[in-house]
Protein chains: 2
Amino acid sequence: MTYCVAIALEEGLVFTSDSRTNAGVDRVSTYSKMHTFGKDGDRQFVLLTSGNLATTQAVLDRLRRDMAGDAKISLLSVGDIAEAADYVGSLSAKQQAKHGSGSGYEASFVVGGQIGRNKPAIVFVYPEGNHITTSADTPYLQVGESKYGKPILDRIITPETSLETAALCSLVSMDSTMRSNVTVGPPIEVSLYRRDSLLLEHRIRLDDDSPYLRELRKGWDERLKEAFRSLPPIAWARATEQPSGGQNAAYR
Amino acid sequence: MTYCVAIALEEGLVFTSDSRTNAGVDRVSTYSKMHTFGKDGDRQFVLLTSGNLATTQAVLDRLRRDMAGDAKISLLSVGDIAEAADYVGSLSAKQQAKHGSGSGYEASFVVGGQIGRNKPAIVFVYPEGNHITTSADTPYLQVGESKYGKPILDRIITPETSLETAALCSLVSMDSTMRSNVTVGPPIEVSLYRRDSLLLEHRIRLDDDSPYLRELRKGWDERLKEAFRSLPPIAWARATEQPSGGQNAAYR
């Protein structure tokens, strides 16, 4: 399984991904799902990958070859992020079709970044090659095991959130996911892209034994428990109490 | 969709359920999914229902008829909760088979309660009629849209948790689920059963406009945001910073 999240903010973009890959419970390995491409000062892309590893590796390889080899279309030639997503989607669909119509070859991608003075954007590319982007109401895209980590994103993230706060929120979201699904796991990678910088600001990798990741896990767990403890108790009397049946009621 | 949770504690049992039923997005209605049966001082049962509404209603009707009509097996005759679950599972499987083998008739149940001096227990009954119970490591059972509300249960609930705290936690879990899935909704019902009481202690119903539910939602949202705000910022320098490629790197 996979859990990745990409967030589009006024200040820029945040990308966070886990690195666990499994083909059956006894074939678990570690592969980065975050791939960066770009030309500093001109354009920057971050790709998050999910699904069949052979498909995603073939697509990434082709992206690199097209950039290096003066192909007619490459990440260096596309004019905006939607065009980049079309290109990635078409490579992915072609690669999947090579091996017949089985659903086992499916892969999906998040493509994000900025090209020149165009607005930074993130796009989710479906296995079929079509894609969707974010909105002001839903400024993030999730890939893979998305449910456990969604509530905290919904509460914290708005387009006005700062890059650093959104990155922290994505790590909390990742932590909730890892607690509940063992097939999502470290190393966790985080990239920050600041609007109009045309450079990747930070890219970090947090291993399982990273002191910061451990501290964050423990700190969040403690704070969440503290927050819960401070809630007012259930107001049984103020809620609508239901009749619970008389003595010896046969059923109610 | 449905979200129900049942929790088995040393002090007793907690049951929480939503009430939204939908057959397509344009046929949304409200039905209680919590049903109580028993004989005060002798035995108490709480059933939570999920799945095809015709199936669950038929099973509940049959349970009531069997209790009222001196059937050979009924909730009044079974010796423990596992036996009650076998009985409910067999009624459910029979009811589903009436309409052919289509999967649309499937239903599942949580059966919980106490019979005499037997240990209180909760059991999840699959559509096929087989069932599983809790363990000390996993003292709760969820039904339906379980992922959004699981992280808080995992952090708070242990067998030693008090009935009131577990009930509050189940409401927080329900709140996270309702925020993220519109097909889970109020009224929310909560029942408490205190071990060896052989009486249902509380049964409340919280409507959408319940002041307590509104207060809890707002209070939890504020506390969660406060907890998040108090987290230490990402230690970019302490994490393993990745090389982000040199100026004009064609790809990296």
Conditions: (1) away from chain B (no Cβ under 14 Å); (2) closer than 21 Å to A:THR56 by Cβ. A:GLU189 meets all but one. Number of the miss? (1)
Among strands (runs of 3 or more DSSP E) lying entirely in region B:96-204, which contain 1 or more residues that are more than 25 Å from B:ASP221 (Cβ to Cβ), touching a residue at least 40 places away in the same chain (Cβ under 8 Å) and in contact with a Gly (Cβ under 8 Å, 6 or more places away or on another chain)? B:107-115, B:121-125, B:131-133, B:188-194
Within region B:1-27, considering residues that are within 18 Å of B:PRO127 (Cβ to Cβ) and out of contact with any Asp or Glu (no Cβ under 6 Å at 6 or more places or on another chain), the one farthest from the other protein chains (Cβ to nearest Cβ): B:ALA23
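One residue is enough: does region A:132-146 have a residue meeting the conditions charged (D, E, K, R), in contact with a helix residue (DSSP H, G or I) (Cβ under 7 Å, 6 or more places away or on another chain) and facing chain B (nearest Cβ under 7 Å)? Before you say what the answer is, go through the steps one by one.
So the first thing to find is which residues in region A:132-146 are charged (D, E, K, R), and the list is A:137, A:145.
From what is left, the residues that are in contact with a helix residue (DSSP H, G or I) (Cβ under 7 Å, 6 or more places away or on another chain) are A:145.
Adding the requirement that they be facing chain B (nearest Cβ under 7 Å) leaves none.
No, region A:132-146 contains no residue that is charged (D, E, K, R), in contact with a helix residue (DSSP H, G or I) (Cβ under 7 Å, 6 or more places away or on another chain) and facing chain B (nearest Cβ under 7 Å).
Scan region A:237-244 and tell me whether some residue there is modelled with pLDDT under 95 and more than 7 Å from every other protein chain (Cβ to nearest Cβ). Step through it out loud before you land on a result.
Here is the first cut: in region A:237-244, the ones modelled with pLDDT under 95 are A:237-244.
Still in the running and more than 7 Å from every other protein chain (Cβ to nearest Cβ): A:237, A:243.
The answer is yes; a qualifying residue exists.
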Say whether the condition of being within 14 Å of chain A (Cβ to nearest Cβ) and within 16 Å of B:LEU198 (Cβ to Cβ) is met by at least one residue in region B:52-61. no
Enumeration of residues in region A:100-130 that are out of contact with any Ser or Thr (no Cβ under 7 Å at 6 or more places or on another chain), farther than 21 Å from A:ARG20 by Cβ and buried (at least 21 other Cβ atoms within 10 Å of the Cβ): A:VAL111, A:GLY112, A:GLY113, A:GLN114, A:ILE115, A:PRO120
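Quick grid of which residues meet (1) facing another protein chain (nearest Cβ under 7 Å); (2) at positive phi; (3) buried (at least 22 other Cβ atoms within 10 Å of the Cβ):
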| residue | (1), (2), (3) |
| --- | --- |
| B:ALA167 | yes, no, yes |
| B:VAL182 | no, no, no |
| B:TYR212 | yes, no, no |
| B:ARG223 | yes, no, no |
If you take the residues in region A:28-45 that are within 16 Å of A:TYR3 (Cβ to Cβ) and buried (at least 21 other Cβ atoms within 10 Å of the Cβ), which one is nearest to the other protein chains (Cβ to nearest Cβ)? A:MET34
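Quick grid of which residues meet (1) of a type in the set (A, V, I, L, M, F, W, C); (2) over 19 Å from the mean Cα position of the chain (by Cα):
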residue	(1), (2)
A:ASP66	no, yes
A:GLY100	no, yes
A:GLN114	no, no
A:ALA121	yes, no
State which residue is surrounded by the fewest Cβ atoms within 10 Å (Cβ to Cβ) when the search covers only region A:71-89 and only residues that are of a type in the set (D, E, K, R) and over 12 Å from A:GLY112 (Cα atoms). A:LYS72
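The values are calculated or read from the model by the stated rules, or taken from the named source; none is laboratory data. It should be emphasised that the depicted structure is a prediction, and the values quoted were computed from it without experimental measurement. Here the Cβ is made from the backbone with ideal geometry for all residues, glycine too, and neighbour counts use every protein chain on show.
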